[in-house]
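A.B. asks: Sending over a structure as structure tokens; questions will come in a sec.
The values are calculated or read from the model by the stated rules, or taken from the named source; none is laboratory data. What you see is a predicted model, and the numbers here were worked out from it, not measured in a lab. Positions of Cβ are generated from backbone atoms using ideal geometry, with glycine treated the same way; all protein chains shown enter the neighbour counts.
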Amino acid sequence: MTTPLPPLPPMEETLRRVKEARSLTALEALRVSLLGRKSAMAAHLRLIGRLPPKDRAARGTSLNESRQTLTEALETRKSVLTKEAREKTLVQNAADITLPVAQPPFAFGRLHPIAQAWDEMVEIFATLGFSLEEGPEIETEEHNFTALNTPEEHPARDPSDTFYFPSRKDGKGGSAPPHLLRCHTSPVQIRAMRAGAPPFRFIAPGRVYRRDSDQTHTPMFHQIEGLVIDRDCHLGHLKWVLTHFLRAFFENDAVEIRFRPHHFPFTEPSLEADMSYRREGGRIIAGGGGGGGGGGGEWMEILGCGMVHPHVLEASGLDAREWQGFAFGTGIDRLAMLKYGIPDLRQCFDANLDWLDFYGVSPLFAPSLSGGLSPKTPKGERG
Ligand code: DAH
């Protein structure tokens, strides 16, 4: 005995229901009830096989036609509803791209204070027309020392100060001088001068490596190098550029700079520059009258500089009778610590998210001399 089949719903009415379906969900429910495994249509199709052979073809064709009509109607309605839904979301989610950027959820993550200081320095020198150069962290002795006029017996060449790689084969059965991790950014001077043509005016920020570790030293740290080469470039230019740089970086025109004679192999004369600062409740504030000025200030050594040594110019392929200029190098990390009040350099490389949350800066903050170099307000307000 077979259970009687449910009748197929009248086609005209069914098509009307499809056309009137209000949502994609309602339409899908309708599709399941009309064509799904438990639908009357499915039951009728399953029964074709049991019909007497002479009736099968006609019944099969008619059922398949109905199924085809329904499927097409459902598809048509579906594409109409899909389009309507998409248009609705577009209207609902419309964004006015001329509005300022919303804080959450974009304000996730902080920029490391060293990255921030780096960007600030690049910005300051960019406004003075300095371009950006870079060089490899794995260097040759030639670039890192020899071309920079560093004598063979100079202590910086000692493996107790500088990291050397194992010695290399020179391909001719002998051994070539080993590579090293650059201990300063000065070799970029050599590379850039050899690759280009004077005049030069660039900075080269980057990572450097030394065998050193305590509260203010880490085996890896960051330096920024500067080089200006022209026909009549002199110490007065050097002094102005560095004074401008420090005042702009610390956002304080009271910063004074003092030069002392020093020695570097790659400059002649060589100078060390001190910056004026004062202490305020345990914090070090850049600026104020320097030591001995009666302003209660002190001096702190901040960078090395000088007029580029003729040997360095010649080693880079320049005629030292025609070209001259100045160079300087300073620590990005140390200046960042001073500006952002970071007590221990080692914390900078601990990858501690709480620390980064406190000392870091919004990734949306873009330093500019006109719009503000740094977010100076305390955390929470500082963007
Ligand atoms: N390279 C020096 C250092 O590592 C810094 C320095 C001093 C760079 C004088 C210079 C310079 O370009 O002229 O400490």
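A.B. asks: Please return the ranges of helices (runs of 4 or more DSSP H) entirely within the stretch 235-347 where 2 or more residues are among the β-branched types (Val, Ile, Thr). Walk me through it before giving the result.
C.D. replies: Details: elements: 235-249, 310-315, 332-340.
Hits in the stretch 235-347: 235-249.
A.B. asks: With buried (at least 18 other Cβ atoms within 10 Å of the Cβ), assigned to a loop (DSSP other than H, G, I, E, B) and either of a type outside the set (S, T, N, Q) or touching a Ser or Thr at 6+ places or on another chain (Cβ under 6 Å) (or both) as the only criterion, which of Gly129, Gly135, Gly173, Gly109 stands out? Show your work before the answer.
C.D. replies: On the way: Gly129 fails: buried (at least 18 other Cβ atoms within 10 Å of the Cβ); Gly173 fails: buried (at least 18 other Cβ atoms within 10 Å of the Cβ); Gly109 fails: buried (at least 18 other Cβ atoms within 10 Å of the Cβ).
It is Gly135.
A.B. asks: In addition: Would you mention how many residues in the stretch 180-206 are loosely packed, with under 15 Cβ neighbours inside 10 Å and aliphatic (A, V, I, L, M)?
C.D. replies: 2
A.B. asks: Would you mind finding the one in Trp323, Trp355 that is closer than 30 Å to Met193 by Cα, at pLDDT 90 or above and either buried (at least 16 other Cβ atoms within 10 Å of the Cβ) or among the aliphatic types (A, V, I, L, M) (or both)?
C.D. replies: Numbers: Trp355 fails: closer than 30 Å to Met193 by Cα.
Answer to the check: Trp323.
A.B. asks: Let me ask you something else. If you go through the stretch 317-338 one residue at a time, do you hit one that is among the acidic types (Asp, Glu), within 16 Å of the ligand (Cβ to nearest atom) and out of contact with any Lys or Arg (no Cβ under 7 Å at 6 or more places or on another chain)?
C.D. replies: Yes, because at least one residue in the stretch 317-338 is among the acidic types (Asp, Glu), within 16 Å of the ligand (Cβ to nearest atom) and out of contact with any Lys or Arg (no Cβ under 7 Å at 6 or more places or on another chain).
A.B. asks: Say whether the condition of being within 12 Å of the ligand (Cβ to nearest atom), among the aliphatic types (A, V, I, L, M) and in the same structural domain as His311 (by TED's automatic domain parsing) is met by at least one residue in the stretch 252-272.
C.D. replies: Yes; the residues of the stretch 252-272 include at least one that is within 12 Å of the ligand (Cβ to nearest atom), among the aliphatic types (A, V, I, L, M) and in the same structural domain as His311 (by TED's automatic domain parsing).
A.B. asks: Please verify whether the stretch 217-227 includes one or more residues that are touching a residue at least 40 places away in the same chain (Cβ under 8 Å) and among the charged types (D, E, K, R).
C.D. replies: Looking through the stretch 217-227, at least one residue is touching a residue at least 40 places away in the same chain (Cβ under 8 Å) and among the charged types (D, E, K, R).
A.B. asks: Quick one: how many residues across the stretch 257-272 are of a type in the set (D, E, K, R) and either at positive phi or within 32 Å of the chain's Cα centre (by Cα) (or both)? Walk me through how you get there before you give the answer.
C.D. replies: Pass one, the stretch 257-272, residues of a type in the set (D, E, K, R): 258, 260, 268, 272.
Filter again for either at positive phi or within 32 Å of the chain's Cα centre (by Cα) (or both), leaving 272.
Matching residues across the stretch 257-272 total 1.
A.B. asks: For residues in the stretch 207-249 being within 23 Å of the chain's Cα centre (by Cα) and among the small types (Gly, Ala, Ser), which is surrounded by the fewest Cβ atoms within 10 Å (Cβ to Cβ)?
C.D. replies: The selected residue is Ala248.
A.B. asks: Check whether at least one residue in the stretch 114-126 is modelled with pLDDT of 95 or more and more than 25 Å from Met220 (Cβ to Cβ), and report yes or no.
C.D. replies: yes
A.B. asks: Can you confirm whether the stretch 281-295 contains a residue that is buried (at least 18 other Cβ atoms within 10 Å of the Cβ), modelled with pLDDT under 90, over 28 Å from Leu238 (Cβ atoms) and more than 16 Å from the ligand (Cβ to nearest atom)?
C.D. replies: no
A.B. asks: Just give me the residues in the stretch 40-68 being of a type in the set (Val, Ile, Thr) and surrounded by fewer than 14 Cβ atoms within 10 Å (Cβ to Cβ), in sequence order.
C.D. replies: Narrowing the stretch 40-68 to residues of a type in the set (Val, Ile, Thr): 48, 61.
The answer is Thr61, and nothing else.
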